[in-house]
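See structure below.
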2 protein chains.
Amino acid sequence: MSASHRQIPGVNAERTRSHNRQMVLGSVRAAGAIGRAEIARASGLSTQAVSNIIADMLADGMLREHGRRTGGRGLPVQQYAINPTGGYGLGIEIRPNAVFSALIDLTGATKHSHRTELTNNQPKTVLAEVAAHKVRALHDTGVRETSVLGAGVVMPGPFGATGIQNSGSDLPGWQDIDPQGLLEDALHLPVFVENDANASAMAERISGVAQGLETFAFLYFGQGLGLGLLQGGRLVSGAFGNAGEIGHIPVIAQGVPVALESCVSRLSVQAHLCAHGIDARDMDDLSRLYAQSAPPLLQWLDTAAQPFSAAIGIIENLFDPQVVILGGAMPDALLDHLINAVRLPDRSVSNRADRTQPRLMRGTSGRMTATLGAAALVLNQAFTPMIAASR
Amino acid sequence: MSASHRQIPGVNAERTRSHNRQMVLGSVRAAGAIGRAEIARASGLSTQAVSNIIADMLADGMLREHGRRTGGRGLPVQQYAINPTGGYGLGIEIRPNAVFSALIDLTGATKHSHRTELTNNQPKTVLAEVAAHKVRALHDTGVRETSVLGAGVVMPGPFGATGIQNSGSDLPGWQDIDPQGLLEDALHLPVFVENDANASAMAERISGVAQGLETFAFLYFGQGLGLGLLQGGRLVSGAFGNAGEIGHIPVIAQGVPVALESCVSRLSVQAHLCAHGIDARDMDDLSRLYAQSAPPLLQWLDTAAQPFSAAIGIIENLFDPQVVILGGAMPDALLDHLINAVRLPDRSVSNRADRTQPRLMRGTSGRMTATLGAAALVLNQAFTPMIAASR
DNA sequence: CTTGAATACTCAAGCTAGTTGAGTTAAACG
DNA sequence: CGTTTAACTCAACTAGCTTGAGTATTCAAG
């Protein structure tokens, strides 16, 4: 589980090609449609190398021709674009009482999604259910098994033994086992396990509002509050995979220090409404209450704004992201309200004069964000080489 | 300046070799003395490849033979170790009124250090002074110019236009220029520019208490308070290089929300002492006062402990580091006092049952930590390939 | 309309660096 | 003292990038 004692791998010709393929695919994706010469210029590779790689990728269907672009001098550029059916990412979200799945194509479009209830969450039951989701997704869409590049799996964290046990979200019976290995056996696919916040961040990068961004933070409203961090297109997940547990940091609410997620989270709004005799079970209830301008809800938004602003300030000053994105299990209208209501701190490295984007944005992946994000983990892998640019 | 819009480079055979050299050097460094077969096993490369690389590195002096290790069966291992004189890193720290420099060898040992005052800090004056430091370091040590692998430079941040202008630490006249380019021209070396906290973190990794750690946080007491973050041996520096500005986050001190660095920093302790009629100008004054158990100083330590604990909790929950290290311009005795006095938060992902290391440690690079860290940036570059291990 | 410049791309040869498999050396075991 | 084990070397092979010459297609100028 520890990310810290991993040995750095050596590189041979095969890995070189794999890296360059990822780089080419990432360039094509970023550009929409692009020619070989331009990729070569941007990457420092020779045109010939890019040409060979593109020939390969046409052969295995990941790219397709996209017409010639004329207008300048010289030979018109033969452009290439991502072939949507060239590969798929399977996303699985395991919750204590349900399993969700989504299948997305290479462009990030959702081709299938499904949900089943769990009667118990013993590993054996869950693994069987997960495998059934895969079979169903392939069957319903007609996608061949070999086209699936891998599976992303979102599970309740935190992973390993930490000081935040019994937060209610962990899966019993999953503490002392290796989820990745078991899932790979069950799915016969490469598996990437992440928490909901990290996966959701990836969903925004692959098919949401963060397309083209490499370094940003995603604030995830789940039961509590989580933070997904991307730097240079890669997740920052800490030494043991538990980075981003922002819900537990102390903030001041009405002069009293409390945990952030006790005043900014879905549980907190539900508790507040409950105290006012309102039973809001799900997102639809919340949406309805907001549409009705229910006073207790507006009051909650009011009290949440201040600690929320403090949290944004902390994120900005610690990570210096391009933008902070909000999403998760909270109705869009409420998130928009929060974004508009919040007064962002002036003392922040993100309070730059030359900004072109807002500091705060709402994610566009909706309530399926974590499941889509799980699938997006797979695509990100295909698009983003492991080599960072040198400083 | 923006780290975010950099194009990922392609890889060719030459870059492959460069990566593998870094990997080999890193393995040797981590092990102290090691044979080829072991490196090959750990990296997945063939023995032959490792053999060729080691032959190269013996030829250019970065490695040296380190006797055979017998004991097992089979041919005794021919071991190799880092050759201290095989390369050097130059560290430069630019402050508003002074320039510091240090030259460290491949094992991280300091071979030379020097300090000069600045009469003004216009770029021209500073660049000339910096160049003079290099000449002097080479002259005094007899190190050849070609053995210097690069220069790390620490400058007051934050970089670019942010909401934290006029913090008093920025260099006037350096806002709209490209420091890295100018420094490379002045030094004729590859230059790595970082802030003090990031560089100090690197000092601990290369020659301090964080050797062997890949993912940790370094809390730096400068004028204010900064945070250096390493994940997988690489700095996390955000989209614009300003990550880690932890001094500006709000905490509660005596029931009132204030900026963290207004109660935990050197300026804060000096202000507190000043209010009690004590003039503490430098670290020696503070050390003396602490040795005398001066009540105002103990009182400051007392009030600082609580916000300090909150800060540690935030760092741990957001980054999940292996450890948090304390250092910078604060006497060791005071840091040790803080470490012993602080009650670390229970609600933290770092509060693990299976810990073998303490959650909080003091750095061992002393007051030169940022300058040494600047030099360490160069060595880290030589030891740490850019490819992350795959998840 | 012709010619030349610009640009994208292909072909074929060459180079770098990693892999593979057979062979050599030296220590430890029985 | 032979056998086993492990590290290492040699030489042939292979993957994949680069280089340089050549081709195709468009635009612009005369």
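The values are calculated or read from the model by the stated rules, or taken from the named source; none is laboratory data. From a predicted model like this one, the values you see are computed outputs, not experimental measurements. No Cβ is skipped: glycine too gets one built from the backbone with ideal geometry, and neighbour counts run over all protein chains shown. When the accessible area is computed, the model is the full protein with side chains, heavy atoms only, and any ligands, DNA or RNA have been set aside. Shrake-Rupley method; radii C 1.70, N 1.55, O 1.52, S 1.80 Å.
Given a Förster distance of 22 Å, report the FRET efficiency between B:Asp302 and B:Asp346 from their Cβ-Cβ distance, rounded to the nearest 0.05.
0.60
In segment A:39-129, carbon and sulfur make up what percent of the accessible area (probe 1.4 Å)? Could you put the intermediate results ahead of the total?
Values: 2180 of 4450 Å².
Ligands and nucleic acids excluded, carbon and sulfur give 49 percent.
Can you spot the aspartates and glutamates whose alpha carbon is less than 12 Å from B:Lys111's alpha carbon? Ignore those fewer than 8 places along the same chain.
B:Asp140
Along segment B:108-116, what does the Karplus equation 6.51 cos²θ - 1.76 cosθ + 1.60 (θ = phi - 60°) give for ³J(HN,Hα), rounded to whole Hz, x for Gly and Pro?
x, 6, 7, 9, 6, 8, 7, 9, 9
Just the accessible area for A:Ile53, please: 1.4 Å probe, Å², rounded to the nearest 10?
Rounded to the nearest 10, that gives 0 Å².
Between A:Asp56 and B:Ser46, what is the label-point separation in nm under the 7 Å Cα-to-beta-carbon projection?
My value for the distance between the label points is 1.9 nm.
Given the protein chains as shown and a 1.4 Å probe, how many square angstrom of A:Met368 are accessible, to the nearest 10?
50
Helix B:295-319: angle to the longest alpha-carbon principal axis of chain B, degrees 0 to 90, nearest 10?
Tilt relative to chain B: about 50 degrees.
Taking all protein chains as present, what is the carbon and sulfur share of the accessible area of segment A:211-364, in % to the nearest whole number, probe 1.4 Å?
51
Set the Förster radius R0 to 41 Å, insert the Cβ-Cβ distance between A:Thr364 and B:Asp185 as r into 1/(1 + (r/R0)^6), and round the FRET efficiency to 0.05.
0.35
In nanometres, what is the gap between the two model label sites at B:His114 and A:Ala333, each 7 Å from Cα along Cα-to-Cβ?
Here the modelled spin labels are 7.0 nm apart.
Report the charge-dipole magnitude of the protein assembly as shown in Debye, nearest 20, computed about the Cα centre from +1 at each Lys and Arg Cβ and -1 at each Asp and Glu Cβ. Don't skip to the end; give the middle numbers.
On the way: 62 positive and 66 negative charges, 356 e Å.
Approximately 1720 debye in magnitude.
Specify the residue with the greatest mean-square fluctuation among B:Asn20, B:Asn195, B:Asn12, computed from a Gaussian network of chain B linking alpha-carbon atoms under 10 Å apart.
Its mean-square fluctuation being the largest, the pick is B:Asn12.
Check each residue of segment B:292-324 and keep those whose accessible area, probe 1.4 Å, is at least 30 Å² smaller with all protein chains in place than in the chain alone; give them in order of residue number.
Checking the loss per residue gives B:Ile314, B:Asn317, B:Leu318, B:Phe319, B:Asp320, B:Gln322.
Percent of Cα-Cα pairs more than 28 Å apart in chain A, please. Don't skip to the end; give the middle numbers.
Working: 38205 of 76245 pairs.
Of the Cα pairs, 50 percent sit more than 28 Å apart.
Can you put B:Lys111, A:Lys124 in order of accessible area, largest first, using a 1.4 Å probe?
A:Lys124, B:Lys111
To the nearest 20 debye, what charge dipole does chain B have about its Cα centre, counting +1 at the Cβ of each Lys and Arg and -1 at the Cβ of each Asp and Glu?
The calculated dipole for chain B is roughly 1340 debye.
Debye sum, Cα scatterers, the protein assembly as shown, no solvent: what log₁₀ I/I(0) at q = 0.07 1/Å?
-0.53
Using protein chains only and a probe of 1.4 angstrom, how many square angstrom of A:Ile339 are accessible, to the nearest 10?
Roll a 1.4 Å probe over it and A:Ile339 shows about 40 Å².
For the protein assembly as shown, give me the percentage of DSSP beta bridges that are antiparallel, rounded to the nearest 5 percent.
So the antiparallel bridges in the protein assembly as shown amount to around 65 percent.
How many Å² of accessible surface get buried when A and B come together, counting both sides, probe radius 1.4 Å, rounded to the nearest 100?
Using a 1.4 Å probe on protein heavy atoms, the buried area is about 6600 Å².
Between helix A:47-59 and chain A, what is the angle of the helix's C-alpha long axis to the longest principal axis, kept within 0 to 90° and rounded to the nearest 10?
Roughly 70 degrees, rounded to the nearest 10.
Can you tell me the mean projection area, over all orientations, of the convex hull of segment B:165-230's alpha carbons? Units nm², please. Can you show the working numbers first?
Working: hull surface 23.0 nm².
Over all viewing directions, segment B:165-230 projects a mean Cα-hull area of 5.8 nm².
Against the longest principal axis of chain B, how steep is helix B:369-383, in degrees 0 to 90 to the nearest 10, with axes from Cα atoms?
Its long axis makes an angle of about 30 degrees.
Using only alpha carbon pairs under 8 Å that are at least six residues apart, calculate the relative contact order of chain A and give it in whole percent. Numbers along the way, then the final one.
Working: 722 pairs, mean separation 73.6, N = 391.
Normalised by residue count, the contact order of chain A is 19 percent.
Can you tell me what share of the DSSP beta bridges in chain B is antiparallel? A percent to the nearest 5 is fine.
Close to 65 percent.
So between B:Asp178 and B:Asp284, what do we pick up on full extension, going 0.36 nm a residue minus the alpha carbon distance?
Working: separation 106, 0.36 × 106 = 38.16 nm, distance 3.59 nm.
So the extension gain works out to 34.6 nm.
Provide the net charge surrounding B:Ala81, with neighbours chosen by a C-beta distance below 11 Å and charges set as Lys +1, Arg +1, Asp -1, Glu -1.
+1
Along the charge dipole of segment B:51-195, which of B:Gln122, B:Gly150, B:Ile104 sits closest to the positive end, that is, farthest toward it, with unit charges on the beta carbon of Lys, Arg, Asp and Glu (+1, +1, -1, -1)?
Projecting each Cα onto the dipole axis, the largest value belongs to B:Ile104.
Could you sort B:Cys263, B:Cys274 by their accessible area in this structure, using a 1.4 Å probe and putting the largest first?
Reading off the accessible areas and sorting them downward yields B:Cys274, B:Cys263.
Excluding A:Ile249 itself, calculate the net charge of residues whose Cβ lies under 10 Å from the Cβ of A:Ile249, where each Lys or Arg counts +1 and each Asp or Glu counts -1.
Details: positive: B:Arg347; negative: A:Glu245, A:Glu261, B:Glu316.
Neighbour charge sum, excluding A:Ile249 itself: -2.
Which one of B:Gly212, B:Gly108, B:Gly373 has the biggest mean-square fluctuation once chain B is modelled by GNM with Cα springs under 10 Å?
Highest fluctuation of the listed residues: B:Gly212.
Return the sequence-ordered ³J(HN,Hα) values of segment A:144-156 in whole Hz as given by the Karplus equation 6.51 cos²θ - 1.76 cosθ + 1.60 applied to θ = phi - 60°, using x for Gly and Pro.
With the stated coefficients, segment A:144-156 comes to 6, 4, 6, 7, 7, 7, x, 10, x, 10, 9, 10, x Hz.
Most mobile of A:Arg68, A:Arg95, A:Arg355 per a Gaussian network model of chain A (Cα springs, under 10 Å)?
A:Arg355
Can you return the aspartates and glutamates within cross-link range of A:Lys134? Criterion is Cα-Cα under 14 Å, with same-chain partners fewer than 8 residues away left out.
A:Glu93, A:Glu145, A:Glu184, A:Asp185
Please give the per residue accessible area of the protein assembly as shown, computed with a probe of 1.4 Å over protein heavy atoms only, in Å².
Heavy-atom SASA per residue in the protein assembly as shown reads 40 Å².
Specify which residue in the list A:Gln299, A:Leu229, A:Gln254 is farthest towards the positive end of the charge dipole of segment A:211-364, using unit charges on the beta carbon of Lys, Arg (+1) and Asp, Glu (-1), about the Cα centre.
After comparing all options, I get A:Leu229.
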